[in-house]
Structure formats: C-alpha cells, structure tokens
Amino acid sequence: MKGEVLISVEVGSTFTKLAGFTEHRGDLTYLGRTESRTAPPGQDVGRAVDELIDRAPFLKGRGWDAAVLSSSAAGGLRIAVSGLTPTLSTKVAKEVSLGAGGIVVHSVSGKVKPQDTKKIAELKAGLILVCGGTDGGEESIVLSNARMLADSPTDGLFVYAGNEHVQDEILDIFRSFGKRCVATSNVYPGDDRYHFEEVRELIRMSFDRDVVKAPGVDALAARLHTSCLPTPLAVSRAVELFGQYFDGLLAIDVGGATTDIHSYTPPLWSRRTVHTAFEPQLKRSVEGDLGVFHNLANLVWPGEDPPQPSEPLLEADVIGTYALRAARKGLERHCGTSIPVFGARNAHAVVNGADLSSVTAVLATGGALRHGMRNPVDLQLVFDSLADRCLVPSNVQHWLIDHRYLVSSLGALRAKHEGAVSRFIEKVSEEGLWHTEPRLT
C-alpha cells in the first residue's frame with residue numbers, strides 16, 4: 001500500500017496498545033491494532049512495545065516510517081494551581097491544567113497560606129501554576145502569593161500566568177529562592193478573554209521532560225524518534241475534532257485506574273440562561289478514585305461482595321456493571337446543574353458548571369466500556385437517572401463506541417496530520433465505524 005506508515009503507541013496503566021495507519025495524499029487508512037498487558041510497576045514498559053511491533057501483522061514486510069507516543073502509566077503530571085477568585089482565575093487555571101492532561105492535586109483561591117505550601121509539597125506537585133489579576137489589575141495579593149510559594153519546600157516548576165504588569169517581579173521572586181520558573185501569557189487578561197494554548201503547550205512540554213513516567217518510556221520515545229504526550233491530552237485533542245464534526249460531543253473513558261470525562265459543547269448563548277462561572281468549550285475532568293482495576297473498591301456498594309476473580313478487566317460480563325458505576329459518578333462531577341430563577345416577567349436558568357443537555361453525540365472509549373457495555377441503552381439509563389439534577393445529554397442522536405480504540409491515536413496524530421485525522425473521522429463516521437448497532441434515536 002502506498003503512503004507513509006504511521007504507528008501510534010499508548011502505554012496505559014493496564015494495557016499497552018499499538019495501532020497502525022498509512023497516510024497518503026492527506027488521507028489516513030487504518031491498518032490494524034494489537035495490545036498486551038503493560039509491564040508490572042518497576043519493569044521496562046518498552047519491551048512489550050518492541051514485541052508488539054515485531055508481531056503486528058499489519059507491519060510485516062513494511063515496517064513503519066513515523067510514530068507517536070502517549071502514556072498514562074505511573075501517573076501523570078501533578079499540578080497545583082493558585083488564583084485569586086474561584087470562579088475566574090482559579091477555575092481557568094484548573095481547567096487548562098486538566099485539559100493539558102495534568103492531575104490537579106491542590107488549588108488555592110485568594111491568599112496562599114503556609115498550610116497550602118505544606119500541602120503542595122506533601123502531594124509532590126511537579127508544576128505549580130500561579131495565576132491571578134487581569135493585566136494592569138490586582139498586584140499585591142499576586143506578589144504575596146509568589147513570595148509564599150517561593151519560600152516553600154517544593155522543587156516543582158513554577159509557571160506564572162497572571163497579571164503581566166508584574167511578570168518580571170514575580171520571576172525575580174522565584175529566582176531569588178532558587179526555584180525553577182517560567183512565565184507565559186496571562187490565562188485571564190480581562191474582558192472575558194481567555195488564553196489557553198501557550199500554558200497548555202508548556203504543561204505538555206513539562207510532562208515530556210519532567211514527569212516521572214513508567215520505566216522505559218523515555219528510552220522508548222528515543223527509539224521511536226518522538227516525544228511522549230499525556231494520553232488524556234491526546235484524547236482531548238480527538239474529542240475536539242469529533243465535537244466539531246457532530247456539533248457537540250460527550251466522551252466517557254473508563255479505565256483501570258481513572259475515569260476521564262471529556263466534553264465539547266458548541267457555543268450557545270441565551271438571554272434566558274445565566275452562567276455562574278467560566279466554562280471552557282472543551283472540558284476534561286479526571287477522577288483518580290474511579291477505576292475498574294486499581295480503584296475497584298470505590299465502585300463496590302456497601303455490603304456488596306467484591307467481584308471475583310480479582311482482575312475484573314479480564315471478565316467482560318463483570319466489568320460492565322462497575323464501568324457504568326464509574327461513568328455515573330464521573331458524570332455527576334463533570335456535568336453542571338441548573339436552578340430556575342423567576343423574575344417579574346419571565347424565568348431564567350442559572351447554570352453552574354458544564355451544560356451538556358444539548359449535546360447529541362456520546363462516545364464510549366476505554367477498555368472497560370468497550371468490552372463491558374452490552375448496549376448504549378445502558379448509558380441512556382445512567383443519563384435518565386441523573387437527569388433531575390445534572391445537565392446530561394437529553395436527546396442523544398449518535399451513540400458511538402470506540403471499538404478499535406482509535407480515539408487516543410487520532411488525538412496523538414493530530415499535531416502533524418490534523419487535516420488527515422479530520423477527514424478520517426468524517427469518513428468513518430459516515431461509514432458507521434463508530435456507531436453502535438442498533439442505533440438509538
């Protein structure tokens with residue numbers, strides 16, 4: 001087959017996956033995929049990848065030309081965030097950190113206190129994102145926070161993305177305490193403007209450079225001649241393209257260690273809707289306590305016997321029940337709520353959080369849902385059970401299951417092949433590759 005052979009490698013907490021594609025004249029063609037169990041903690045994860053490449057039938061006789069790599073093994077980039085107000089700079093900092101594939105371990109609004117710096121150090125935050133103040137706005141609290149954080153025991157990277165008028169002074173403070181630091185554009189410069197991309201890229205670079213990844217990942221990246229992307233960021237990049245194609249998307253990724261919820265909502269504005277805080281169009285939440293392998297105990301009801309055998313990921317008829325429980329809990333935390341407020345002439349909806357009620361496409365990915373969900377009706381029942389208190393999708397037209405586990409691969413490929421990835425999503429969606437059977441309307 002003509003074209004460049006591309007491979008996508010994802011090192012997960014439980015499984016390592018390899019997918020192959022060809023790219024010819026701007027079009028992607030899927031070749032196949034294979035997987036194996038990720039090496040146990042402390043062992044070289046790259047060996048399994050070498051074996052997958054050697055035995056992949058779609059690579060026989062042709063090899064590969066370029067590769068992309070993502071990883072969620074051994075945890076992710078642990079981020080602490082500091083902002084001035086919980087609904088503006090602090091929330092924006094948290095959203096951009098999660099969207100970049102990080103794990104927010106601690107957040108502070110207002111003045112940073114000694115107990116905050118102690119907590120950040122105890123939680124081993126690898127990156128501390130310091131925000132606050134519109135450009136030309138508040139300075140004193142931002143400077144005070146910088147001094148408090150600089151005089152802390154953490155040795156993580158400090159990223160300043162606040163009021164640019166005191167940027168040089170902030171960097172001088174961190175450097176005077178011997179801290180590694182860098183500045184980027186203000187995430188909230190004012191006038192309802194938000195700058196995400198520069199901070200997001202910096203977080204991605206920090207993940208590739210500084211995160212303690214599973215043994216062998218760095219050597220594997222060198223052999224593949226690529227950098228390592230956080231898997232959640234790869235999924236988010238694909239979700240954005242899916243969301244643009246379907247005019248809105250909710251993606252549920254239940255894994256062995258975490259449950260990630262991603263959503264992309266089309267820009268909507270209504271005079272009858274008031275939002276209490278900023279919400280990004282592309283949103284991710286990660287639930288580190290919800291997993292069907294490493295955190296299974298959190299999905300077992302009180303008085304219920306835990307499933308047998310001890311590795312439910314191997315039992316499709318067992319995994320589904322716990323995957324849906326994880327999805328339900330994750331959706332409760334991700335989706336917003338609405339409270340009606342009645343005025344003299346009409347009513348308004350006050351929305352707190354992400355409003356996904358108008359999203360018409362739902363994508364299930366991750367091994368637990370791919371293997372354990374019998375029918376999209378299962379997820380519809382979850383939505384129905386939450387509809388009274390959460391803004392879950394109310395009229396799903398497209399039920400999609402990532403049968404071949406391609407979403408993270410497509411997101412990882414997007415950086416250098418965006419046009420080809422977009423056309424691939426459109427093509428296979430029209431052909432029904434993503435759609436479940438029977439479809440629900």
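Take the alpha carbon atoms of region 47-155, find their radius of gyration, then divide it by 2.2 N^0.38 Å using N residues; give the quotient.
This ratio for region 47-155 stands at 1.55.
Please list, in chain and number order, the residues 5+ apart from Val359 or on another chain whose amide H is under 5 Å from its amide H, with Hs placed from the backbone.
Here Ser394 satisfy the definition.
Counting only C-alpha contacts under 8 Å and six or more residues apart, can you give the relative contact order of the chain as a whole percent? Before the final figure, lay out the partial values.
On the way: 949 pairs, mean separation 63.1, N = 441.
It comes to 14 percent, rounded to a whole number.
If you count only protein heavy atoms with a 1.4 Å probe, what accessible area per residue comes out for region 319-441, rounded to a whole Å²?
44
In what order, largest first, do Met205, Met148 sit by accessible area if the probe radius is 1.4 Å? Each step should come with its number before you reach the end.
Numbers: Met205 90, Met148 65 Å².
Result, largest first: Met205, Met148.
Can you flag which of Lys124/Lys179; Lys111/Lys179; Lys17/Lys329; Lys94/Lys283; Lys283/Lys416; Lys91/Lys111 are past 18 Å Cα-Cα?
Table pairs above 18 Å Cα-Cα are Lys111/Lys179; Lys17/Lys329; Lys283/Lys416.
Pop a pseudo-label 7 angstrom from the Cα along the beta-carbon direction at both Glu169 and Glu426 and give the gap in nm to one decimal.
5.1
Need one number: nm distance between label points at Thr321 and Arg37, each 7 Å from Cα along Cα→Cβ, rounded to one decimal.
If labels sit at Thr321 and Arg37, their model points lie 2.3 nm apart.
Determine, for each peptide in 294-301, 406-413, the mean count of other beta carbons within 10 angstrom over its residues, then list the peptides with the highest first.
Output ranking for 294-301, 406-413: 406-413, 294-301.
On a full-extension model of 0.36 nm per residue, what is the gain between Thr87 and Ser385, subtracting their alpha-carbon distance, rounded to one decimal in nm?
104.5 nm
Tell me which label goes with the value of volume of the Cα convex hull per residue in Å³ computed from the coordinates here: (1) 133; (2) 166; (3) 144.
The calculated read-out lines up with (2).
What net charge do the residues around Ala121 carry, taking every other residue with its C-beta under 14 Å from that of Ala121, with Lys and Arg at +1 and Asp and Glu at -1?
Around Ala121, the charge tally is +2.
Per 0.36 nm of contour for each residue apart, how much would the distance between Lys60 and Asp289 grow if the chain were fully extended, relative to their Cα-Cα spacing?
Stretched out fully, the Lys60 to Asp289 stretch lengthens by 78.4 nm.
Let me have the 222 nm mean residue ellipticity of the chain computed from DSSP H runs of 4+ only, each contributing -39500 (n - 2.57), with the sum over all residues rounded to the nearest 500.
-10500 deg cm²/dmol
Roughly how many nanometres apart are two label points built 7 Å out from the Cα toward the Cβ at Glu198 and Phe177?
2.3
Given a 1.4 Å probe and heavy atoms of the protein chains only, how would you sort Lys416, Lys111, largest accessible area at the top?
Output order, biggest surface exposure first: Lys416, Lys111.
Report the charge-dipole magnitude of the chain in Debye, nearest 20, computed about the Cα centre from +1 at each Lys and Arg Cβ and -1 at each Asp and Glu Cβ.
100
Report the calculated FRET efficiency for Asp191 and Asp155 (r = Cβ-Cβ distance, R0 = 51 Å), to the nearest 0.05.
0.90
Before I look further, what does region 40-183 give for accessible area per residue, probe 1.4 Å, in whole square angstrom?
43
Note down the net charge around Thr258, summing +1 for each Lys or Arg and -1 for each Asp or Glu among other residues with Cβ under 13 Å from its Cβ.
Taking every Cβ under 13 Å from that of Thr258, the sum is -1.
How much FRET efficiency would the formula 1/(1 + (r/R0)^6) give for Ala222 and Val341, where r is the Cβ-Cβ distance and R0 is 51 Å, rounded to 0.05?
It comes out at approximately 0.35.
Please work out the C-alpha center-to-center distance from region 6-79 to region 370-437 and express it in whole Å.
21
Under the rule a/c < 1.5 gives rounded, and otherwise a/b versus b/c splits prolate from oblate, where does region 301-431 land using the Cα gyration tensor?
Oblate is the answer for region 301-431, as a/c is 1.5 or above yet b/c matches or exceeds a/b.
Not counting ligands, DNA or RNA, and with a 1.4 Å probe, what is Arg78's accessible surface area in Å² rounded to the nearest 10?
Here the residue's solvent-accessible area equals roughly 90 Å².
Quick one: compute a quarter of the convex hull surface over the Cα atoms of region 1-65 and quote it in nm². Working shown, then result.
On the way: hull surface 17.6 nm².
Convex hull of Cα atoms, orientation-averaged projection: 4.4 nm².
Percent of accessible area on the chain owned by carbon and sulfur, 1.4 Å probe?
50
Protein chains only, probe 1.4 Å: how do Leu290, Leu123 rank by accessible area, largest first?
Most to least solvent-accessible, the answer reads Leu123, Leu290.
When a/c is below 1.5 the answer is rounded, else prolate if a/b is larger than b/c, else oblate, so apply that to region 83-204 with a ≥ b ≥ c taken from the square roots of the Cα gyration tensor eigenvalues.
Rounded, because the longest to shortest axis ratio a/c is under 1.5.
Calculate, for Ser140 and His24, the FRET efficiency according to 1/(1 + (r/R0)^6) with r their C-beta to C-beta distance and R0 60 Å; round to the nearest 0.05. Each step should come with its number before you reach the end.
Numbers: r = 59 Å, r/R0 = 0.98.
That pair, Ser140 with His24, gives E of 0.55.
Report His195's accessible area, 1.4 Å probe, all protein chains in place, as a number in Å² to the nearest 10.
Estimated to the nearest 10 Å², His195 gives 80 Å².
Hey, what do the phi angles of region 387-395 turn into as Karplus ³J(HN,Hα) couplings, whole Hz, using 6.51/-1.76/1.60 and θ = phi - 60°, x for Gly and Pro?
After applying 6.51 cos²θ - 1.76 cosθ + 1.60, I find 4, 6, 10, 10, 8, 7, x, 10, 8 Hz.
The values are calculated or read from the model by the stated rules, or taken from the named source; none is laboratory data. Everything numeric in this text was worked out from a predicted model, so none of it was measured. We place every Cβ from the backbone using ideal geometry, glycine too, and count neighbours over all the protein chains shown. For accessibility, only protein heavy atoms count, side chains too; no ligands or nucleic acids. Shrake-Rupley method; radii C 1.70, N 1.55, O 1.52, S 1.80 Å.
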